[in-house]
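The values are calculated or read from the model by the stated rules, or taken from the named source; none is laboratory data. Small disclaimer: the values here were computed from a predicted structure and weren't measured. Neighbour counts are summed over all protein chains in view; Cβ atoms, including those assigned to glycine, are modelled from backbone coordinates with ideal geometry.
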Amino acid sequence: MSAILAITLLLSVVIGVSLGLLGGGGSILTVPILAYVAGMDAKEAIAASLFVVGVTSAVSVVSHARHGRVRWRTGLVFGAAGMAGAFAGGILGGYVPGQVLMIAFALMMLATAVAMIRGRRQVDREPTTGELPVGKVIVEGLVVGLVTGIVGAGGGFLVVPALALLGGLSMPVAVATSLLVIAMKSFAGLAGYLTTVQLDWPLVLGVTAAAVAGSFVGARLAGIIPEQVLRKGFGVFVLAMAFFILAQELPQPYGLWVGGAAAVAAPAAVVCWFATPSCPVRRWLGARAPRTDAAADGALAA
């Protein structure tokens, strides 16, 4: 086994963990790995990623379903509406320059990340556990499908927030249900690509097997990690990917400035968070400062 193949397979495990744990990140991780590490051309990498993400999502759905986290009606209706919206978005996206699409995608990710990190009181306090209203699911599916069809990737990054923030599902349920939607959209897209693209199936199947193995780990972690931690962790991950894309796609020197600013701001925010309870970052994210013993005693007395 060559070093490049070994690295590709190792990184593929991360793809599965991301899908199983966060319900997203598949395409954003898979395409760069296949293109920059495995050496596939862009169209082959996109087509292969659809197969990898589709199979991994489908397998991960089964694991989540065993724990009762999948809302089948919501996922199937959302997926069908999303496929229709994605078709229309794909037509519109054909008239927009690729660089503009990626920058728009990154900006959309920034907005998504802020929404997920800050959250909403209703989501934290009383998440919905049942199926969502069909009409609402169809509208959200069409909008999400349209946007993801235009930018060409990122279904999970929008499906999870739509189900968690707009629909009110708890994060574990939103993650599990989003995997059903992602699988449907991935296989639909793959069918189109296979009419013009030839894949290196031994490599694709090897990457898929590694990703599936990672998805089992992610699915287990999704049932263990607390709701708020999972949601905020998802938001931070999306935020980092958004800055990475902007650094790559913005005209220079603006891309370099964005990358440099993110590289400085991220460690500073982490230090601020842990160094002082009154950190502005902590207040902006809606986190409560650690209480003193006196405050805790007062709360208990109340």
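Among the residues in region 52-69, are any basic (Lys, Arg), touching a residue at least 12 places away in the same chain (Cβ under 8 Å) and outside any helix (DSSP H, G or I)?
Checked against the condition, which is being basic (Lys, Arg), touching a residue at least 12 places away in the same chain (Cβ under 8 Å) and outside any helix (DSSP H, G or I), region 52-69 yields at least one hit.
So that you can scan it fast, the table gives a plain yes or no per residue for (1) surrounded by fewer than 19 Cβ atoms within 10 Å (Cβ to Cβ); (2) more than 26 Å from ALA164 (Cα to Cα):
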residue	(1), (2)
ILE28	no, no
ALA35	yes, yes
GLU44	no, yes
SER57	no, no
VAL61	no, no
HIS64	no, no
ARG69	no, no
MET83	no, no
TYR95	yes, yes
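Do you know which of the residues in region 142-165 that are under 18 Å from ALA80 (Cβ atoms) and at pLDDT below 70 is nearest to the chain's Cα centre (by Cα)?
Per the stated criteria, the residue is GLY156.
Can you name every residue in region 244-267 that is assigned to a helix (DSSP H, G or I), in contact (Cβ under 8 Å) with a residue 24 or more places away in the chain and crowded, with 16+ Cβ neighbours inside 10 Å?
Result: ILE245, LEU246, GLU249.
In region 1-33, what residues are of a type in the set (Ser, Thr, Tyr), within 14 Å of VAL212 (Cα to Cα) and modelled with pLDDT under 80?
Answer for region 1-33, where residues must be of a type in the set (Ser, Thr, Tyr), within 14 Å of VAL212 (Cα to Cα) and modelled with pLDDT under 80: just SER18.
So which residues in region 228-260 are more than 19 Å from the chain's Cα centre (by Cα) and among the β-branched types (Val, Ile, Thr), if there are any at all?
VAL258
In a helix (DSSP H, G or I), in the same structural domain as VAL59 (by TED's automatic domain parsing) and over 23 Å from ILE46 (Cβ atoms), is that true of VAL217?
Answer is yes for this residue.
Can you tell me which residue among LEU9, LEU107 is on the phi < 0 side of the Ramachandran plot and within 18 Å of the chain's Cα centre (by Cα)?
Of LEU9, LEU107, the one residue that is on the phi < 0 side of the Ramachandran plot and within 18 Å of the chain's Cα centre (by Cα) is LEU107.
Confirm whether VAL123 is of a type outside the set (Asp, Glu), under 23 Å from THR177 (Cβ atoms) and either at pLDDT below 70 or not assigned by TED's automatic domain parsing to the domain that holds GLY235 (or both).
The answer is yes for VAL123.
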